[in-house]
1. Being over 29 Å from T157 (Cβ atoms) and touching a Phe, Trp or Tyr at 6+ places or on another chain (Cβ under 7 Å) is the requirement here; does G127 meet it?
2. Could you grab me the full set of residues in region 31-41 that are in contact with a helix residue (DSSP H, G or I) (Cβ under 8 Å, 6 or more places away or on another chain) and more than 17 Å from I86 (Cβ to Cβ)?
3. Given the conditions (1) of a type in the set (D, E, K, R); (2) under 17 Å from N279 (Cβ atoms); (3) exposed (fewer than 12 other Cβ atoms within 10 Å of the Cβ); (4) modelled with pLDDT of 80 or more, report the number of the one that E159 does not fulfil.
4. In region 280-395, which strands (runs of 3 or more DSSP E) lie fully inside it and hold 3 or more residues that are aromatic (F, W, Y) and either out of contact with any strand residue (DSSP E or B) (no Cβ under 7 Å at 6 or more places or on another chain) or modelled with pLDDT of 85 or more (or both)?
5. Go through the residues of region 13-24 one by one and say whether even a single one is surrounded by fewer than 20 Cβ atoms within 10 Å (Cβ to Cβ), more than 30 Å from L126 (Cβ to Cβ), in contact with a helix residue (DSSP H, G or I) (Cβ under 8 Å, 6 or more places away or on another chain) and modelled with pLDDT under 90.
6. Answer yes or no: is there a residue in region 168-189 that is outside any helix (DSSP H, G or I) and either under 30 Å from the mean Cα position of the chain (by Cα) or modelled with pLDDT under 80 (or both).
7. Which one of the conditions (1) more than 14 Å from P146 (Cβ to Cβ); (2) part of a helix (DSSP H, G or I); (3) in contact (Cβ under 8 Å) with a residue 40 or more places away in the chain; (4) not small (G, A, S) does I6 fail to meet, given that it meets all the rest?
8. Evaluate the following for I260: is it over 19 Å from N311 (Cβ atoms) and of a type in the set (V, I, T)?
Amino acid sequence: MKNFEIFPKKFGILPYIFLFYLIMPLFYIFEETGIKAVMGYSMLLLFLVSYRELYNVKSEKKYSFWLAIQIIIVMIFSILYNPYIIFMGFFPANFVGWYEQKKDFRRALTLFAFSMILTMTIVIYLGEMVDFLFFIPFLVVMISSPIGIRTMNERMTLEQKLDQANEQIKELIKREERVRIARDLHDTLGHTLSLITLQSQLVQRLAESNPERAKLEAKEIEMTSRSALREVRELVSDMRTITLEEEIVDLEQILNAAGIEFHMKKNSELPDLPLLQQNILGMCLREAGTNIVKHSKAKKCYVDIQGSKGNVTISVIDDGIGLVDSYTSGNGLKGMRERLSLIEGKLDIHKTNGTKLVMSVPVIVKLKEGMPYDPACDCRRPADVKRSSRHATRF
């Protein structure tokens, strides 16, 4: 069973402190006798009930009902008992500012303002308020206070949502980091373990027919395993940077170990790629080579690296059995696409006699060191070239 609470704990002691302001109407009711005193105490008790309910109710209709009760009680007290009790209007003014929907807030504020102005008008007409000019500034503050209260509540709500969003972002970052580590482990260890497997199979075949060659291959396996250990350490410490040239050498090594002929074609005029692009392209090239060894049953593999205006394109072509539908939607190609998207690149797949993967990334050419430095764009420019909004030129 849920424990009974007078006011929700999240509001602290503030609801109890505001009850202090009920001393004033209690003082004026105490001066009354007969039916007027009984009615006054009854209305004050009803006011306390409405005060508590407004802190606890969830339904919009019930909330509006209890708010209307409060406003009516304030009007009756001010007209029949003492005009100074109109200051109790700060109670319903506070709750008017709690409406979340603008339409409901405007409606409630309009009705509250009309009720307070009507009450003061009746009191003045009955001649019970001589110094009414004294009340006008307080009435203006009372009617406008829900606007400030609502603004404050909106700000608190936004801050809560921001905190929740930050927590979600932290959680997403953790998940993304796990995915990244898993993908990097797949790309690095998958490649190396495939190479070790192929070399181990070769050692088994050579163990009897060519022991000397088997010893050399076993030594290669040891070197490869040490390299894998080093890669894992670098990966964990987030220090791994792979150049495209290094990855091409590794790709040739694993293809040759699998008995697949490797052919390379490269445009000698290619610009120097940033390390980030080389790292991502190297990972994608490694994934492509690993999949050729595992799935393609190819005899030959061709890697063609070419540069065109604004782009570098790497094509990986094999003469194997081609891609099956289950692989085209697998984690390997998905991971390659995700990596390339980080550098605004793309991956295209073509089914030929084998398979052709085409990786394309935009390239920004670094300007030469001899050019004067332009602090406006943090780069170097030829002295005779006017400044523009671009910080570099396309290849």
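1. Details: over 29 Å from T157 (Cβ atoms): yes; touching a Phe, Trp or Tyr at 6+ places or on another chain (Cβ under 7 Å): no.
Here the answer is no, as G127 does not meet what is asked.
2. Our first condition is that a residue be in contact with a helix residue (DSSP H, G or I) (Cβ under 8 Å, 6 or more places away or on another chain); within region 31-41, this holds for 32, 36-37, 40-41.
Within region 31-41, E32, K36, A37, Y41 qualify.
3. (2)
4. Details: elements: 300-308, 311-318, 346-351, 355-362.
Qualifying strands (runs of 3 or more DSSP E): none found.
5. Taking region 13-24 and keeping what is surrounded by fewer than 20 Cβ atoms within 10 Å (Cβ to Cβ), we get 13-24.
Applying the additional criterion that residues be more than 30 Å from L126 (Cβ to Cβ) yields 13-17.
Checking the rest, the ones that are also in contact with a helix residue (DSSP H, G or I) (Cβ under 8 Å, 6 or more places away or on another chain) come to 15.
Checking which are modelled with pLDDT under 90 leaves us with 15.
The answer is yes, given that some residue of region 13-24 is surrounded by fewer than 20 Cβ atoms within 10 Å (Cβ to Cβ), more than 30 Å from L126 (Cβ to Cβ), in contact with a helix residue (DSSP H, G or I) (Cβ under 8 Å, 6 or more places away or on another chain) and modelled with pLDDT under 90.
6. Looking through region 168-189, none of the residues is outside any helix (DSSP H, G or I) and either under 30 Å from the mean Cα position of the chain (by Cα) or modelled with pLDDT under 80 (or both).
7. If we test I6 against (1) more than 14 Å from P146 (Cβ to Cβ); (2) part of a helix (DSSP H, G or I); (3) in contact (Cβ under 8 Å) with a residue 40 or more places away in the chain; (4) not small (G, A, S), just (2) comes out false.
8. Working: over 19 Å from N311 (Cβ atoms): yes; of a type in the set (V, I, T): yes.
Criteria met by I260.
The values are calculated or read from the model by the stated rules, or taken from the named source; none is laboratory data. As the structure is a computational prediction, the values presented were derived from the model and not from experiment. Note that each Cβ is placed from the backbone with ideal geometry, even for glycine, and that neighbours are counted across all protein chains shown.
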